[in-house]
Amino acid sequence: MEDILNRMAARSTLPKQSEALPDRDHVITPVAPHAVLRTLMSEPYPEGCKRALFGLGCFWGAEKKFWQMSGIYTTAVGYSGGYSANPTYEDVCSGKTGHNEVVLVVFKPDEIGYEALLATFWESHDPRQGMRQGNDVGTQYRSGIYTYDDEQNTLARASREKYQRLLDKSQPSPITTEIVVAGDFFFAEDYHQQYLAENPGGYCGLGGTGVAYQ
């Protein structure tokens, strides 16, 4: 039992940069179109589109939450928030890259605002669980918002304060969501992209708090 607890503790602790796995040379770039939206997942994106990046647990279910919204050009799953370049899924799951499982959302700001994306983010998972989401335990399942400009950063921080107030009315517990400037985004392997569209009965461990962002 002590060995199991020690392994769980290790998976829930971010590595130092000096402890991270080495970079890989192979770059993954999706070629096939989005399985649902039929758009390209990699750049260049249409003029006027903006990017958003979120981590909210297993990225299979998280991606589906966003591709179902109107005003979305494309979505893709991948890895960000860590140290090692071009990590594999196995690398990230080892807990030795520092990366989070994330969803890249490319949206049309004239059709949908960033705050609408934030609302879906908050309502789709429990942002108080630290380095886990439900039964999924590890640093790659942490709650995170990775911002691409000052406006996103300001809105994200305001939304965290707002959702904390809403949670405090019925479920008081501190939000653990990290909000940091977006770093490099590395696409996940092809079989992870739109996984629940290709595998409708596939696993999705996401569960919200039941508290609406309103």
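Considering (1) surrounded by 18 or more Cβ atoms within 10 Å (Cβ to Cβ); (2) aliphatic (A, V, I, L, M); (3) not in a strand (DSSP E or B), the lone condition that Leu37 does not fulfil carries the number (1). Inside the range 114-140, residues that are in a loop (DSSP other than H, G, I, E, B) and over 19 Å from Ser170 (Cα atoms) make up a count of 5. Which residues, taken from the range 50-69, are surrounded by 18 or more Cβ atoms within 10 Å (Cβ to Cβ) and either assigned to a loop (DSSP other than H, G, I, E, B) or modelled with pLDDT under 95 (or both)? If the condition is that a residue be surrounded by 18 or more Cβ atoms within 10 Å (Cβ to Cβ) and either assigned to a loop (DSSP other than H, G, I, E, B) or modelled with pLDDT under 95 (or both), then Gly57, Cys58 are the ones that fit.
Every condition in (1) under 25 Å from Tyr203 (Cβ atoms); (2) of a type in the set (Ser, Thr, Tyr); (3) in contact with a Cys (Cβ under 8 Å, 6 or more places away or on another chain) holds for Ser80 except the one numbered (3).
Filter the range 96-118 down to the residues that are buried (at least 22 other Cβ atoms within 10 Å of the Cβ) and touching a helix residue (DSSP H, G or I) at 6+ places or on another chain (Cβ under 6 Å), then identify the one that is farthest from Ile145 (Cα to Cα). Out of the qualifying residues, it is Thr97.
Against the definition (exposed (fewer than 13 other Cβ atoms within 10 Å of the Cβ), touching a residue at least 40 places away in the same chain (Cβ under 8 Å) and of a type outside the set (A, V, I, L, M)), how does Gln214 come out, yes or no? Yes: the conditions hold for Gln214. For the range 161-207, which residues satisfy the criterion of being touching a His at 6+ places or on another chain (Cβ under 8 Å) and surrounded by 16 or more Cβ atoms within 10 Å (Cβ to Cβ)? Correct list: Phe186, Gln193, Gln194, Leu206.
Determine if the range 181-192 includes at least one residue that is at pLDDT 95 or above and over 21 Å from Asn86 (Cβ atoms). No, there is no match, as no residue in the range 181-192 is at pLDDT 95 or above and over 21 Å from Asn86 (Cβ atoms).
Of all the criteria given as (1) out of contact with any strand residue (DSSP E or B) (no Cβ under 8 Å at 6 or more places or on another chain); (2) assigned to a helix (DSSP H, G or I); (3) without any contact (Cβ under 8 Å) to a residue 60 or more places away in the chain, the one not satisfied by Pro172 is (2).
The values are calculated or read from the model by the stated rules, or taken from the named source; none is laboratory data. The structure presented is a predicted model; accordingly, all values stated were derived computationally and were not measured. Note that we place each Cβ from the backbone using ideal geometry, even for glycine, and neighbour counts take in every protein chain shown.
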